[in-house]
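Here is the structure we will look at.
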Amino acid sequence: MPELPEVETVRRGLAPALEGHTLSRVQMYRPNLRFPFPDGFGQRLTGKTVKSVERRAKFLLITLDDGTVLISHLGMSGSFRIYEADPPALDKHDHVVFQVSNGFEIRYNDPRRFGFMDLTTEAEMPDHPMLLKIGPEPVHPGLTGSELAERLKNKVAPIKAALLDQRVIAGIGNIYACEALFMAGISAKRKASTVQGGRADKLAAAIQEVLLKAIEAGGASLKDHRQTSGELGYFQHSFQVYGRAGEACSVCVPDVPISKMTQSGRSTFFCPRCQR
């Protein structure tokens, strides 16, 4: 599932194509994705001008001039493609097409249909059930060690599980939790409440560094993620531990192989020497 860097990459691709421009036509080619589309979905968007394209955690938020907000989640395989001229024939998985007044055509493609789109308003958005309990953004304005320590102090779960809890911190998934814990030298099995003081400072800094590097690289493309141009992300080539079980740790001397274990049904990759 796309994590914060992948969704931020998509947001940065969509913003210049949408902001300040009018949706001249919005057409769905099926009645639902993960959930049914809201009643009148296309009609409620058509003719409206896009004020902003923002991101909250793993959600895209497209705000229109009448106060309507389109909330979109990419699910496992969702992606947006932007076509400036002569778009190709519709793919069977192109489920929503946005015609924009600047001549762009933007298509939402989702083979597995685990993504969704919903409509709310600027006033009601903070209380939307998908956004209501999400924790702070880790990159902007920036997560401090003291803030992270405060959010972890009563957590009895392992730190890896706490990082995946969107109520604790927004947008972090399995890949970046593994990478940040390695960068901070913290064991994924460590009790979350013990990540305090210097450990919390290191982890907060590592979270920000790995996410910013991933955004700069266009996210990580392991299966389905594509940028709005259709190009792959490149951060998978910079993984230190994720997916590297059995390979030599890049830090240890002499080399120690990266290990893999399962936590709450998810694969965790780590260095048994570097992370404590």
**Message:** If Ala188 satisfies all but one of (1) under 22 Å from the mean Cα position of the chain (by Cα); (2) farther than 18 Å from Ile134 by Cα; (3) part of a helix (DSSP H, G or I), what's the number of the condition it fails?
**Reply:** (3)
**Asked** Restricting the first residue to region 1-25 and requiring it to be part of a helix (DSSP H, G or I), which pairs with a second residue that is charged (D, E, K, R) meet a Cβ separation below 8 Å and a spacing of at least six or different chains?
**Response** Leu4/Arg55; Leu4/Lys58; Val7/Arg55; Val7/Lys58; Glu8/Arg55; Arg11/Glu54; Arg11/Arg55
**Prompt:** Here is a list of conditions, (1) in contact (Cβ under 8 Å) with a residue 60 or more places away in the chain; (2) surrounded by fewer than 14 Cβ atoms within 10 Å (Cβ to Cβ); (3) at positive phi, and Gly103 meets all of them except one; can you say which number that is?
**Reply:** (1)
**Complete:** Per the list (1) over 26 Å from Leu212 (Cα atoms); (2) part of a helix (DSSP H, G or I), residue check on Leu90 breaks on (2)
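For region 140-147, indicate whether the set of residues that are within 30 Å of Val195 (Cβ to Cβ) and surrounded by 17 or more Cβ atoms within 10 Å (Cβ to Cβ) is non-empty. Walk me through how you get there before you give the answer.
Initially, region 140-147 is screened for residues within 30 Å of Val195 (Cβ to Cβ), giving 140-147.
Then keep just the ones that are surrounded by 17 or more Cβ atoms within 10 Å (Cβ to Cβ); that gives 143, 145.
Checked against the condition, which is being within 30 Å of Val195 (Cβ to Cβ) and surrounded by 17 or more Cβ atoms within 10 Å (Cβ to Cβ), region 140-147 yields at least one hit.
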**Request:** Go through region 191-215 and count every residue that is assigned to a helix (DSSP H, G or I), more than 22 Å from the chain's Cα centre (by Cα) and of a type in the set (A, V, I, L, M).
**Result:** 2
**Request:** Considering each residue of region 238-276, count those that are within 22 Å of Leu211 (Cβ to Cβ) and assigned to a strand (DSSP E or B), and give that number.
**Result:** 6
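Here's a check for you: in region 232-259, which residue that is of a type in the set (Ser, Thr, Tyr) and farther than 21 Å from Val7 by Cα is modelled with the lowest pLDDT?
Taking region 232-259 first, the residues of a type in the set (Ser, Thr, Tyr) are 234, 238, 242, 250, 259.
Going one step further and asking which of them are farther than 21 Å from Val7 by Cα, we end up with 250, 259.
Values: Ser250: 88, Ser259: 97.
Among those that are of a type in the set (Ser, Thr, Tyr) and farther than 21 Å from Val7 by Cα, it is Ser250.
The values are calculated or read from the model by the stated rules, or taken from the named source; none is laboratory data. What you see is a predicted model; the values in this text were computed from it and never measured. Quick reminder, even Gly has a Cβ in these numbers, built from the backbone with ideal geometry, and neighbours come from all protein chains shown.
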